[in-house]
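The values are calculated or read from the model by the stated rules, or taken from the named source; none is laboratory data. Bear in mind that the values here come from a model prediction, so they are computed numbers and not experimental data. No Cβ is skipped: glycine too gets one built from the backbone with ideal geometry, and neighbour counts run over all protein chains shown. Accessible surface is based on the protein model in full, side chains and every heavy atom, while ligands, DNA and RNA are left aside. Shrake-Rupley method; radii C 1.70, N 1.55, O 1.52, S 1.80 Å.
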Amino acid sequence: MENINLNIEKTLDFISKEKLASYEPKVKACMETLEKGTGLGNDFLGWLHLPSSITKEHLDDLKATAQTLRENCDVVIVAGIGGSYLGARAVIEAMSNSFAWLQEKKAGQPTIIFAGHNISEDYLFELTEFLKDKKFGVINISKSGTTTETALAFRLLKKQCEDQRGKEMARKVIVAVTDAKKGAARTTADKEGYKSFIIPDNVGGRFSVLTPVGLLPIAVAGIDIDQLVAGACEMEKVCANENMYENPAALYAATRNELYQSGKKIEILVNFQPKLHYFMEWWKQLYGESEGKDLKGIYPSSVDFSTDLHSMGQWIQQGERSIFETVVSVETPSHELHFPSDEENLDGLNFLAGKRIDEVNKMAELGTQLAHVDGGVPNLRVSVPSLNEYYLGQLIYFFEKACGISGYLLEVNPFNQPGVEAYKKNMFALLNKPGYEKESEAIRARLKK
Ligand SMILES: O=P(O)(O)OC[C@H]1O[C@](O)(CO)[C@@H](O)[C@@H]1O
C-alpha cells in the first residue's frame, strides 16, 4: 500500500540544497537523542514508540467501553481542552459526514459533541438546554485532572446526567480518561466507580491522540481505531529511517527549520478539504506548544482553501514575505460527483461539464501553489492517498515525530509548555482561588493603578 508522501521541491528556489543537506547529521543526532532519551523533556517520550506498543487487549477494552456508550447514549459529550480534545475532534471530523448533525439519528450511533474547551456561558447554557431530553453520556478527559475549562463543564454535565438518568445509569455512561493517580478527575472517577482509562505519565497532552484520550472518543464515533493505529505503526517504521531524504519526518523538520533560519517565521498549514479543519487545529497546538518558547519558534497557522483564498489569499500572495505553506493534499476523495452540463450555459461553466468536482479542486490547488511560489511563498506538500483512518494515523505520527526532531533542531524543550501557566495564574488570582491570596492582592493593586 502507498504511504503519505512529502514533496519539498517547491522550497528549493528559496533554500539551497547544500544548506538542506547540512541538516542531515543534525537531524540524525536529534533522532538519536529522541531514541536514547537523552534530550530536554525526556520524561515525555512515551509517544515515540506508542503505536507499536498498543496491544490488541487495550484496543478491545476501548472498543468494549465505546460500545457501552454507543448502546446507551444518543449523545456523547467529550469534555477536554487542547491535547485532551483536538486529536479526537480532528479524526472524528475528518471521518464523518459533513452533514451528520442534520441527519436522522441511527440507533447505536451517538452524536459526538465537544465541551470543556471554553468558558462560554452561552455555549454551556445552550448545551445543557439541548441535552435536557437526551440520553447522554460523558467522556471526561484531562491529564492533570484539574484544568478549569474541562472541570467546570464536567461538574455541570455530571450533575445533569445523574439528575436525568439516575446515578446508576450515569455511572455506566460517564467514563474518565486521566492520570493513574493524581488530580480531581481521578479522585472523582475512583469515588464514583466510573470506568476509567489512564493517560501514561510520559505522554504529554498534545502527543496523546493515540492514547485513550483520542482512541476512546474516536471509537465511540464508530471510527476504526485498529486502522488508525496500523497507519501510525507504519509511519513509526518509515520515520525511523536514518536517511533524511527517505524519512519524511526528518526531511520536514529540516526543511521547515532551514526556512525559519532564512526568515520564514510563519508556517501556514493548508487544506483543500474542509473536513481537515480540526486536523489543522490539532497540528497548531502540537507545533505551537512544542516550539514557541525561549523567544523562538515558527508561528503555526492554518487556512482552509479554497474558502480562505477569498479572505487570506491576498495576504498570502502579496503580504510580508515571512511565510511558507505546507499543504496537506488528499489525492482521491471518498465520493464521486460530476459537474452537470447545461444547455443554456447561462453561468458559462459548460467548460467544466462532465468533470469531477475534485478535478476543479485540484486545479485550484495547483494554480494556488504556482501563484504562491511565484509570489515568494515556499511550498511543501504532504500528499495523502485518501482520507481514511489508516492515513490519518500515518499523518498523526509523521507530524509528531517531525515535531520532536524539529524542536531539538531549534534547541528548545519540545515537551513542556511553561508559558500557558501565565494566564491561569492571573485568572485564579482574579477569581480568588484558595492558595492564590498573594497573587490576588498583587493583581488587584496592579489593576487599580
Ligand atoms: O489534559 P489537561 O491536563 O486537562 O490539559 C489540557 C491542555 O492544557 C494544557 O496543559 C495547557 O494548559 C495543554 O498542554 C493540554 O493539552
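Can you confirm whether the range 195-217 contains a residue that is at negative phi, more than 16 Å from the ligand (Cβ to nearest atom) and open to solvent by less than 50 Å² (accessible area, probe 1.4 Å)? Give the steps one after another, and end with the answer.
The initial filter retains those residues of the range 195-217 that are at negative phi, namely 195-217.
If we keep only those that are more than 16 Å from the ligand (Cβ to nearest atom) too, we end up with 195.
Pick out the ones that are also open to solvent by less than 50 Å² (accessible area, probe 1.4 Å) and you get none.
No, the range 195-217 contains no residue that is at negative phi, more than 16 Å from the ligand (Cβ to nearest atom) and open to solvent by less than 50 Å² (accessible area, probe 1.4 Å).
Scan the range 65-73 and tell me whether some residue there is assigned by the TED database to the domain that holds Ile174, farther than 23 Å from Tyr278 by Cα and open to solvent by 50 Å² or more (accessible area, probe 1.4 Å).
Within the range 65-73, one or more residues are assigned by the TED database to the domain that holds Ile174, farther than 23 Å from Tyr278 by Cα and open to solvent by 50 Å² or more (accessible area, probe 1.4 Å).
Scan the range 67-117 residue by residue and report those that are within 19 Å of Met280 (Cα to Cα) and without any contact (Cβ under 8 Å) to a residue 12 or more places away in the chain.
Matches in the range 67-117: Asn97 only.
Can you pull out every residue in the range 418-449 that is of a type outside the set (Phe, Trp, Tyr) and open to solvent by 100 Å² or more (accessible area, probe 1.4 Å)? Break it down into steps so the answer makes sense when it comes.
Pass one, the range 418-449, residues of a type outside the set (Phe, Trp, Tyr): 418-422, 424-427, 429-435, 437-449.
Once the filter is applied, which keeps residues that are of a type outside the set (Phe, Trp, Tyr) and open to solvent by 100 Å² or more (accessible area, probe 1.4 Å), the range 418-449 yields Lys425, Leu431, Pro434, Glu437, Lys438, Glu441, Arg446, Leu447, Lys448, Lys449.
Out of Asp308, Asp304, Asp294, which single residue is over 29 Å from Asn416 (Cβ atoms), of a type outside the set (Val, Ile, Thr), touching a Leu at 6+ places or on another chain (Cβ under 9 Å) and in the same structural domain as Leu380 (by the TED database)?
Working: Asp308 fails: touching a Leu at 6+ places or on another chain (Cβ under 9 Å); Asp294 fails: over 29 Å from Asn416 (Cβ atoms).
Of Asp308, Asp304, Asp294, the one residue that is over 29 Å from Asn416 (Cβ atoms), of a type outside the set (Val, Ile, Thr), touching a Leu at 6+ places or on another chain (Cβ under 9 Å) and in the same structural domain as Leu380 (by the TED database) is Asp304.
Picking from Asn345, Asn379, Asn350, Asn413, which residue would you name as being in contact (Cβ under 8 Å) with a residue 60 or more places away in the chain and over 21 Å from the mean Cα position of the chain (by Cα)?
On the way: Asn345 fails: in contact (Cβ under 8 Å) with a residue 60 or more places away in the chain; Asn350 fails: in contact (Cβ under 8 Å) with a residue 60 or more places away in the chain; Asn413 fails: over 21 Å from the mean Cα position of the chain (by Cα).
Criteria check complete, one pass: Asn379.
Given the criteria part of a loop (DSSP other than H, G, I, E, B), open to solvent by 20 Å² or more (accessible area, probe 1.4 Å) and of a type in the set (Asp, Glu), does Asp61 qualify? Reasoning before the result, please.
Working: part of a loop (DSSP other than H, G, I, E, B): no; open to solvent by 20 Å² or more (accessible area, probe 1.4 Å): yes; of a type in the set (Asp, Glu): yes.
No: the conditions fail for Asp61.
Taking the stated definitions as given, is Lys56 free of Cβ contacts under 8 Å to residues at least 12 places away in the same chain and either among the charged types (D, E, K, R) or buried (at least 23 other Cβ atoms within 10 Å of the Cβ) (or both)?
Details: free of Cβ contacts under 8 Å to residues at least 12 places away in the same chain: yes; either among the charged types (D, E, K, R) or buried (at least 23 other Cβ atoms within 10 Å of the Cβ) (or both): yes.
Against the criterion (free of Cβ contacts under 8 Å to residues at least 12 places away in the same chain and either among the charged types (D, E, K, R) or buried (at least 23 other Cβ atoms within 10 Å of the Cβ) (or both)), Lys56 qualifies.
For the subset of the range 392-432 comprising residues that are among the acidic types (Asp, Glu) and out of contact with any strand residue (DSSP E or B) (no Cβ under 9 Å at 6 or more places or on another chain), which member is nearest to the ligand (Cβ to nearest atom)? Break it down into steps so the answer makes sense when it comes.
Within the range 392-432, the subset among the acidic types (Asp, Glu) is 400, 411, 421.
Cutting the leftovers down to out of contact with any strand residue (DSSP E or B) (no Cβ under 9 Å at 6 or more places or on another chain) gives us 400, 421.
Numbers: Glu400: 14, Glu421: 7 Å.
Residue satisfying both the conditions and the ranking: Glu421.
Can you spot a residue in the range 88-98 that is over 30 Å from Ser334 (Cβ atoms), hydroxyl-bearing (Ser, Thr, Tyr) and open to solvent by 10 Å² or more (accessible area, probe 1.4 Å)? Before the answer, list the steps.
So in the range 88-98, the residues over 30 Å from Ser334 (Cβ atoms) come out as none.
The answer is no; no qualifying residue exists.
Looking at the structure I just gave you, is Thr178 closer than 26 Å to Gln417 by Cβ, out of contact with any helix residue (DSSP H, G or I) (no Cβ under 7 Å at 6 or more places or on another chain) and within 12 Å of the ligand (Cβ to nearest atom)?
Numbers: closer than 26 Å to Gln417 by Cβ: yes; out of contact with any helix residue (DSSP H, G or I) (no Cβ under 7 Å at 6 or more places or on another chain): no; within 12 Å of the ligand (Cβ to nearest atom): yes.
No: the conditions fail for Thr178.
With the condition kept exactly as written, say whether any residue in the range 387-403 is open to solvent by 20 Å² or more (accessible area, probe 1.4 Å) and either assigned to a strand (DSSP E or B) or closer than 30 Å to Thr146 by Cβ (or both). Spell out how you get there, then give the answer.
As a first pass, look at the range 387-403 and keep what is open to solvent by 20 Å² or more (accessible area, probe 1.4 Å): 387-390.
Filter again for either assigned to a strand (DSSP E or B) or closer than 30 Å to Thr146 by Cβ (or both), leaving none.
No, there is no match, as no residue in the range 387-403 is open to solvent by 20 Å² or more (accessible area, probe 1.4 Å) and either assigned to a strand (DSSP E or B) or closer than 30 Å to Thr146 by Cβ (or both).
Looking at the range 429-445, which of its residues are without any contact (Cβ under 8 Å) to a residue 12 or more places away in the chain and touching a Ser or Thr at 6+ places or on another chain (Cβ under 9 Å)?
Leu431, Asn432, Lys433 - these are the residues of the range 429-445 that are without any contact (Cβ under 8 Å) to a residue 12 or more places away in the chain and touching a Ser or Thr at 6+ places or on another chain (Cβ under 9 Å).
Take the range 47-104 and flag every residue that is of a type in the set (D, E, K, R) and closer than 18 Å to Ala153 by Cα.
Looking only at the range 47-104, we keep the residues that are of a type in the set (D, E, K, R), and these are 56-57, 60-61, 63, 70-71, 74, 89, 93, 104.
Answer for the range 47-104, where residues must be of a type in the set (D, E, K, R) and closer than 18 Å to Ala153 by Cα: just Arg89.
Filter the range 417-449 down to the residues that are within 20 Å of Glu149 (Cα to Cα) and part of a loop (DSSP other than H, G, I, E, B) and list them by number.
Within the range 417-449, Gln417, Leu431, Asn432, Lys433, Pro434, Gly435, Tyr436 meet the criteria.
Within the range 195-242, restricting attention to residues that are without any contact (Cβ under 8 Å) to a residue 40 or more places away in the chain and over 18 Å from Ser53 (Cα atoms), which residue is nearest to the chain's Cα centre (by Cα)?
Applying the filter and picking the extreme gives Ser196.
Where residues in the range 338-359 are part of a helix (DSSP H, G or I), of a type in the set (A, V, I, L, M, F, W, C) and out of contact with any His (no Cβ under 9 Å at 6 or more places or on another chain), which of them is most open to solvent (accessible area, probe 1.4 Å)? Spell out the reasoning first.
Of the residues in the range 338-359, the ones part of a helix (DSSP H, G or I) are 350-352, 357-359.
In the following step, the residues that additionally are of a type in the set (A, V, I, L, M, F, W, C) were identified as 351-352, 357.
When the remaining residues are screened for being out of contact with any His (no Cβ under 9 Å at 6 or more places or on another chain), the result is 351-352.
Numbers: Phe351: 139, Leu352: 30 Å².
Residue satisfying both the conditions and the ranking: Phe351.
For the structure I just gave you, tell me whether Gly37 is at positive phi and either out of contact with any Ser or Thr (no Cβ under 8 Å at 6 or more places or on another chain) or assigned by the TED database to the domain that holds Glu246 (or both).
Working: at positive phi: yes; either out of contact with any Ser or Thr (no Cβ under 8 Å at 6 or more places or on another chain) or assigned by the TED database to the domain that holds Glu246 (or both): yes.
Against the criterion (at positive phi and either out of contact with any Ser or Thr (no Cβ under 8 Å at 6 or more places or on another chain) or assigned by the TED database to the domain that holds Glu246 (or both)), Gly37 qualifies.
What residue, of Leu6, Leu48, Leu20, Leu34, is open to solvent by less than 40 Å² (accessible area, probe 1.4 Å) and in a loop (DSSP other than H, G, I, E, B)?
Values: Leu6 fails: in a loop (DSSP other than H, G, I, E, B); Leu20 fails: in a loop (DSSP other than H, G, I, E, B); Leu34 fails: in a loop (DSSP other than H, G, I, E, B).
The conditions single out Leu48.
Considering only the range 360-386, how many residues are farther than 25 Å from Glu258 by Cα, part of a helix (DSSP H, G or I) and in contact with a helix residue (DSSP H, G or I) (Cβ under 9 Å, 6 or more places away or on another chain)?
Going residue by residue through the range 360-386, those that are farther than 25 Å from Glu258 by Cα are 360-364, 367, 385-386.
Restricting the remaining residues to those that are part of a helix (DSSP H, G or I) gives 360-364, 367.
Then drop every residue that is not in contact with a helix residue (DSSP H, G or I) (Cβ under 9 Å, 6 or more places away or on another chain), which leaves 360, 364.
Within the range 360-386, residues that are farther than 25 Å from Glu258 by Cα, part of a helix (DSSP H, G or I) and in contact with a helix residue (DSSP H, G or I) (Cβ under 9 Å, 6 or more places away or on another chain) number 2.
Considering only helices (runs of 4 or more DSSP H) fully contained in the range 222-326, which possess at least 1 residues that are open to solvent by 30 Å² or more (accessible area, probe 1.4 Å) and small (Gly, Ala, Ser)?
Numbers: elements: 225-238, 248-261, 277-291, 313-318.
The qualifying helices (runs of 4 or more DSSP H) are 225-238.
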